[in-house]
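Participant: Okay, here's the structure, questions in a sec.
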Amino acid sequence: MPNMYLSFWGTISQWALAAQDNQAIVSLAATYNKRLHLNRTVVLGGQGAIALSIPLLGGRDQSGLLKDIKVAYTEDDWRRKHTRTIESCYRKAPFFDYYAPAVLGLYEHSFEFLWQWQFESWNIASKLLKCSLQLGWNEETSETKNLTRKVAISSYPQLFTDRYGFQENADFLDLLFCMGPTTIKYLRRLSTNEGFIKP
């Protein structure tokens with residue numbers, strides 16, 4: 001299993017690969033790449049897709065190693081925006097009440113580094129899925145690959161299909177709140193034959 005770039009809460013494509021291999025290894029020695037949007041997750045609301053981003057100290061145009069990228073905290077607390085948006089988007093989802101305490105509980109933390117937010121979001125999600133996913137990190141190598149977003153995403157029940165049809169650009173939280181305990185089965189059925197691409 002190669003090292004992976006893991007975005008905050010993860011994309012469905014990233015989770016499909018990790019779930020099928022039962023592991024995800026993050027290289028902290030990899031170079032941070034803003035094009036991969038590692039500090040954001042996409043949720044779906046009544047007005048369409050909403051990107052929730054973790055602000056970075058020094059702005060989004062970061063360079064350097066992933067392990068050194070720090071998170072910015074201001075009076076306009078982004079954590080409050082995230083929790084309110086997630087609640088607004090998914091309070092009517094079939095599994096929101098079941099998973100919300102653990103998901104929203106993550107935002108009570110004040111991790112210093114981006115990779116800590118990424119890792120803990122995946123750790124919480126793997127526990128909710130009860131999938132025994134082996135999470136780890138590697139500080140000795142910078143050879144990291146990224147799964148292409150062209151994995152064939154099969155449709156699943158979403159909250160606003162009557163307005164927008166099925167939206168493929170949603171990330172993991174949408175799948176979790178809508179599919180609940182069957183999320184892991186869904187992920188393991190997805191085709192990941194598209195393989196990896198260099199970022």
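The values are calculated or read from the model by the stated rules, or taken from the named source; none is laboratory data. The structure presented is a predicted model; accordingly, all values stated were derived computationally and were not measured. All Cβ positions, even for glycine, are placed from backbone atoms using ideal geometry, and neighbour counts span all protein chains on display.
Participant: So which residues in the range 117-148 are at pLDDT 85 or above and more than 15 Å from the chain's Cα centre (by Cα), if there are any at all? Walk me through how you get there before you give the answer.
Facilitator: Residues of the range 117-148 at pLDDT 85 or above: 117-130.
Across the range 117-148, the qualifying residue is only LYS130.
Participant: Further, regarding this structure: Are there any pairs with C-beta distances below 6 angstrom linking a residue in the range 84-107 that is closer than 13 Å to LEU159 by Cβ to a residue that is of a type outside the set (A, V, I, L, M) and not in a helix (DSSP H, G or I), with the two at least 6 apart or on different chains, and if so which?
Facilitator: Hits for this filter: CYS89/GLY45.
Participant: Which residues, counting only those in the range 69-88, are in contact with a strand residue (DSSP E or B) (Cβ under 7 Å, 6 or more places away or on another chain), among the hydrophobic types (A, V, I, L, M, F, W, C) and modelled with pLDDT under 95? Before you say what the answer is, go through the steps one by one.
Facilitator: Quick first cut of the range 69-88, residues in contact with a strand residue (DSSP E or B) (Cβ under 7 Å, 6 or more places away or on another chain) only: 69-72, 82, 85-86, 88.
Cutting the leftovers down to among the hydrophobic types (A, V, I, L, M, F, W, C) gives us 69, 71-72, 86.
ILE69, VAL71, ALA72 - these are the residues of the range 69-88 that are in contact with a strand residue (DSSP E or B) (Cβ under 7 Å, 6 or more places away or on another chain), among the hydrophobic types (A, V, I, L, M, F, W, C) and modelled with pLDDT under 95.
Participant: Taking the range 6-32 as the region of interest, how many residues are among the aliphatic types (A, V, I, L, M) and part of a helix (DSSP H, G or I)?
Facilitator: As a first pass, look at the range 6-32 and keep what is among the aliphatic types (A, V, I, L, M): 6, 12, 16-19, 24-26, 28-30.
Imposing the further condition that a residue be part of a helix (DSSP H, G or I) reduces the set to 12, 16-19.
Total meeting the criteria: 5.
Participant: Another question, if that's okay. Do we have LEU57 as closer than 22 Å to TYR5 by Cα and not acidic (Asp, Glu) here?
Facilitator: Numbers: closer than 22 Å to TYR5 by Cα: yes; not acidic (Asp, Glu): yes.
Yes, satisfied.
So that you can scan it fast, the table gives a plain yes or no per residue for (1) surrounded by fewer than 17 Cβ atoms within 10 Å (Cβ to Cβ); (2) at pLDDT below 95; (3) closer than 25 Å to ALA30 by Cβ; (4) touching a Gly at 6+ places or on another chain (Cβ under 7 Å):
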residue	(1), (2), (3), (4)
SER110	yes, yes, yes, no
LYS150	yes, yes, yes, no
LEU173	no, no, yes, no
PHE177	no, no, no, no
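Participant: Does LEU104 count as surrounded by fewer than 20 Cβ atoms within 10 Å (Cβ to Cβ) and farther than 19 Å from LEU173 by Cα? Give the derivation first.
Facilitator: Numbers: surrounded by fewer than 20 Cβ atoms within 10 Å (Cβ to Cβ): yes; farther than 19 Å from LEU173 by Cα: no.
Against the criterion (surrounded by fewer than 20 Cβ atoms within 10 Å (Cβ to Cβ) and farther than 19 Å from LEU173 by Cα), LEU104 does not qualify.
Participant: Another question, then. Residues that are more than 18 Å from TYR32 (Cβ to Cβ) and more than 16 Å from the chain's Cα centre (by Cα): does the range 47-63 have at least one?
Facilitator: Yes, because at least one residue in the range 47-63 is more than 18 Å from TYR32 (Cβ to Cβ) and more than 16 Å from the chain's Cα centre (by Cα).
Participant: Sticking with this one: Considering only residues that are in a loop (DSSP other than H, G, I, E, B) and surrounded by fewer than 13 Cβ atoms within 10 Å (Cβ to Cβ), look in the range 41-59 and name the one that is modelled with the lowest pLDDT. Walk me through how you get there before you give the answer.
Facilitator: Of the range 41-59, the ones in a loop (DSSP other than H, G, I, E, B) are 46-47, 54-55, 57-59.
Subsequent filtering for residues that are surrounded by fewer than 13 Cβ atoms within 10 Å (Cβ to Cβ) retains 46-47, 58-59.
Working: GLY46: 89, GLN47: 87, GLY58: 77, GLY59: 73.
Out of the qualifying residues, it is GLY59.
Participant: Still on this model: Could you check THR31 against (1) surrounded by 12 or more Cβ atoms within 10 Å (Cβ to Cβ); (2) free of Cβ contacts under 8 Å to residues at least 60 places away in the same chain and say which number it fails?
Facilitator: With respect to (1) surrounded by 12 or more Cβ atoms within 10 Å (Cβ to Cβ); (2) free of Cβ contacts under 8 Å to residues at least 60 places away in the same chain, THR31 is out only on (2).
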